[in-house]
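The values are calculated or read from the model by the stated rules, or taken from the named source; none is laboratory data. Quantities reported herein were computed from a predicted structural model and do not represent experimental measurements. Methodologically, a virtual Cβ is constructed for each residue, glycine included, from the backbone with ideal geometry; neighbour enumeration extends over all protein chains shown.
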Amino acid sequence: MNTALKTKGEFTYREYKTWPDDERWELINGTAYNMTPAPNRRHQEIAGALFNKFYNFLKGKKCKVYMAPFDVRIPLFNEDEDAITNIVQPDLLIICDKNKLDSKGAIGAPDLVVEILSPSTAAKDLREKMALYEQAGVLEYWLIDPHDNIVMIHKLVQNAYGRAEIFAESENIQVALFNNELTIELKDLFIVEE
């Protein structure tokens, strides 16, 4: 996990807004995490393929899909915007409430979040981010493992994530958020072209 060079105990959105635009950071409970290095090619191909499937399905519907970099400010205690200590940039996210969107990104929990695991971020995605998304009320949290070609989906039930549903590359996912009207064929995500 790449932790920030910024070592002050806790940061807020007030400080985050002053950091250079060419640097990518996330704040989780006030701790700053550097988002570099940039994602590799395989990561980009999987993210692009999944974004395309969501985007095409959502045309003309109320939900919208976004791709990193896209700031999501998550207030947990009704704090003022500048005092928010959780700002994340999920690989993909879906928001169905347009009132959560503004010119800076989004404020509030997305309905669905996708993180594509990498060696430098996997522990953070599986621990800190999962706990944050659960507490914030993200309905579905997808973790994609591009090494083993699997997708793990955590669904919020009674304010908690239960055991993950695990899907292999030969399987399909019926997206619960959309009442199973969208099917994702995982073989299309994990195609490796040379």
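Quick notes
- Condition met for I87 (aliphatic (A, V, I, L, M), surrounded by 18 or more Cβ atoms within 10 Å (Cβ to Cβ) and touching a residue at least 40 places away in the same chain (Cβ under 8 Å)): yes
- Flag for I95 being out of contact with any helix residue (DSSP H, G or I) (no Cβ under 7 Å at 6 or more places or on another chain) and either hydrophobic (A, V, I, L, M, F, W, C) or touching a residue at least 12 places away in the same chain (Cβ under 8 Å) (or both): yes
- Residues located in the stretch 99-122, provided they are in contact with a strand residue (DSSP E or B) (Cβ under 8 Å, 6 or more places away or on another chain) and exposed (fewer than 15 other Cβ atoms within 10 Å of the Cβ): L101, K104
- Where S103 falls short, out of the listed (1) among the polar types (S, T, N, Q); (2) more than 20 Å from W142 (Cα to Cα); (3) modelled with pLDDT under 95: (3)
- Cross-chain or 6+ apart pairs with Cβ under 9 Å, the stretch 159-182 first and farther than 15 Å from K53 by Cβ and in contact (Cβ under 8 Å) with a residue 60 or more places away in the chain, then hydroxyl-bearing (S, T, Y) and not in a strand (DSSP E or B): none
- Unmet criterion (only one of (1) surrounded by 12 or more Cβ atoms within 10 Å (Cβ to Cβ); (2) in contact (Cβ under 8 Å) with a residue 24 or more places away in the chain) for N40: (1)
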